[in-house]
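The values are calculated or read from the model by the stated rules, or taken from the named source; none is laboratory data. From a predicted model like this one, the values you see are computed outputs, not experimental measurements. Note that we place each Cβ from the backbone using ideal geometry, even for glycine, and neighbour counts take in every protein chain shown.
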Amino acid sequence: MEHVGFVCPNSPGHINPMVALADAVRGRGHRATFFLLGDPPPAVTNAGFEVVPLGGSIFPPDEFRQGFVRLGSLQGKAALQHTIGLFCRSAEAVLTVGPEAIRGAGVTRLVVDQASSTACVVADRLGLPFATVCNALMLHPEPNVPPYFTPWLPGKSAWKRLRNRLAWAGLERRTRPILSLIREYCKRHGTTIPRRLADLWSTRLQISQQPAAFEFPRSELPPSFRFAGPLRLPGGYPPVEFPWQRLDGRPLIYASLGTLQNRVEDAFRTMARACDGLDAQLVISTGHGVPPEALGDLPGRPVVVSYAPQLELLGRAVLAITHAGLNTALDALSLGVPMVAVPVTNEQPGIAARIAWSGAGEALPSLDRVGPELMRSALTRVLHDPSYRQAAERIRSSIREAGGAPSAAEWIETELVDRA
């Protein structure tokens, strides 16, 4: 039996898939422990995993919590810059607290979220085999592929490649404080000094919870890369109460802005106005970002809840309105449900672009530039053109073939344990 440590950002979009992966690893007879900043999340503790804190006095839980609360009210470049700032604080804490915490727990292998790459440095220092997991959109830079934070479609023309290179270079400048911190740490401890953040990722195994059909054409992925598809617990998400009696039999539209960038009340009002008059019933999940009562009486009288049984509702839905968070998009695609994507920030423009590129939905401009008329037009197209659902169903087939968490756990055992 190995003791496998799991490191990822402490937010639901990263925690939930990592819990599913840890559960699958545990199911193969290994011990699993989480190393996290912030407060121990219920999704981890309820699944029976130990949580070892990483923040220490450098990034205490209350400051961590406040940082993510603020992120929920930001959009666009401001949100991206705030996210990078959070990652800087997180990087310092992980580099300082991580080695002793991970060594003291007796961990023999590490599984590290791509967005927590400083833990890869810790693994290198401790001599631990590790895997990299892309729980969010894969971040791999490539000239033919637009950066994850852009709404651009791929292309091989000279001007698109130049545009992509410039945007990737701009991202490197923004993340330079994190890289500088890592380089100084590596110099002090005599470990390999990375040229870029991508150099930190595992050379043994890289796993993405995207299915291959939901990624732009790639030509430079490493041999260690695997598309696993969505990482989910066998039973799905924990049960959530919902007023099922309020569903009236009309075609269902499910709307959610996820659990982070969800404190923009006007966005939910825009959704309600866009759906008003359509032959459909709207269900809105505010993700605990906005109390349902704060929205008042919305046009069309949609069902509004703080948190929803997402998979069950998507299973009944003809369409989903999403902020283009990866987990919501994958949940919809796993059920063959087309989408209208309205990205907010971070990797969401890139996910929206993939929804449009794959034909599984429509991508609208950023949230602050979308009015009800524009959204209603997109909703009408997706509702009445069967090609969108057909494309979503093609990706659903790709997801079923990918294998999910059980396949990923098998790869971890093969590449980190059997070949050690």
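Quick notes
- The sole residue among VAL318, VAL304, VAL344, VAL337 that is out of contact with any Cys (no Cβ under 8 Å at 6 or more places or on another chain), in a loop (DSSP other than H, G, I, E, B) and more than 22 Å from ALA212 (Cβ to Cβ) is VAL344.
- For segment 33-66, filtered to residues that are surrounded by fewer than 22 Cβ atoms within 10 Å (Cβ to Cβ) and among the small types (Gly, Ala, Ser), the residue that is nearest to ALA101 (Cα to Cα) is GLY56.
- Qualifying residue in segment 204-212 (condition: of a type in the set (S, T, N, Q), at pLDDT below 95, assigned by TED's automatic domain parsing to the domain that holds VAL25 and in a loop (DSSP other than H, G, I, E, B)): no
- Flag for ALA198 being modelled with pLDDT of 95 or more, assigned to a helix (DSSP H, G or I) and at negative phi: no
- The set of residues from segment 218-237 being loosely packed, with under 12 Cβ neighbours inside 10 Å and within 20 Å of LEU330 (Cα to Cα) comprises PRO234, GLY235.
- Those residues of segment 328-344 which are surrounded by fewer than 24 Cβ atoms within 10 Å (Cβ to Cβ), within 12 Å of the chain's Cα centre (by Cα) and among the polar types (S, T, N, Q), in sequence order: none
- Of everything listed in (1) part of a loop (DSSP other than H, G, I, E, B); (2) exposed (fewer than 15 other Cβ atoms within 10 Å of the Cβ), the single unmet condition for LEU278 is (2).
- Boolean, SER224 is modelled with pLDDT of 95 or more, farther than 24 Å from ALA392 by Cβ and hydroxyl-bearing (Ser, Thr, Tyr): yes
- For segment 241-300, the tally of residues that are among the charged types (D, E, K, R), within 19 Å of GLY325 (Cα to Cα) and in contact (Cβ under 8 Å) with a residue 12 or more places away in the chain stands at 2.
- Which numbered condition GLY104 fails, given (1) surrounded by fewer than 18 Cβ atoms within 10 Å (Cβ to Cβ); (2) part of a helix (DSSP H, G or I); (3) at pLDDT below 95: (3)
- ARG396 outside the structural domain of PRO223 (by TED's automatic domain parsing), charged (D, E, K, R) and within 20 Å of PHE216 (Cβ to Cβ): yes
Yes/no matrix, rows are residues, columns are (1) closer than 24 Å to THR380 by Cα; (2) β-branched (Val, Ile, Thr):
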site: PRO223; (1), (2): no, no
site: VAL240; (1), (2): no, yes
site: LEU257; (1), (2): yes, no
site: ALA267; (1), (2): yes, no
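- Scanning segment 280-301 for residues that are within 12 Å of ASP248 (Cβ to Cβ) and in contact with a Lys or Arg (Cβ under 6 Å, 6 or more places away or on another chain) returns ALA280, GLN281.
- Flag for ARG381 being touching a strand residue (DSSP E or B) at 6+ places or on another chain (Cβ under 7 Å), surrounded by fewer than 19 Cβ atoms within 10 Å (Cβ to Cβ) and not assigned by TED's automatic domain parsing to the domain that holds CYS134: yes
- Residue match in segment 188-195 (condition: charged (D, E, K, R) and either over 25 Å from ILE351 (Cβ atoms) or touching a helix residue (DSSP H, G or I) at 6+ places or on another chain (Cβ under 6 Å) (or both)): yes
- For segment 121-144, the set of residues classified as touching a Ser or Thr at 6+ places or on another chain (Cβ under 9 Å) and not in a loop (DSSP other than H, G, I, E, B) consists of VAL121, ALA123, ASP124, ARG125, PHE130, ALA131, THR132, VAL133, CYS134, GLU142, listed by residue number.
- Qualifying positions in segment 264-323 - out of contact with any strand residue (DSSP E or B) (no Cβ under 8 Å at 6 or more places or on another chain), small (Gly, Ala, Ser) and at positive phi: GLY277, GLY296
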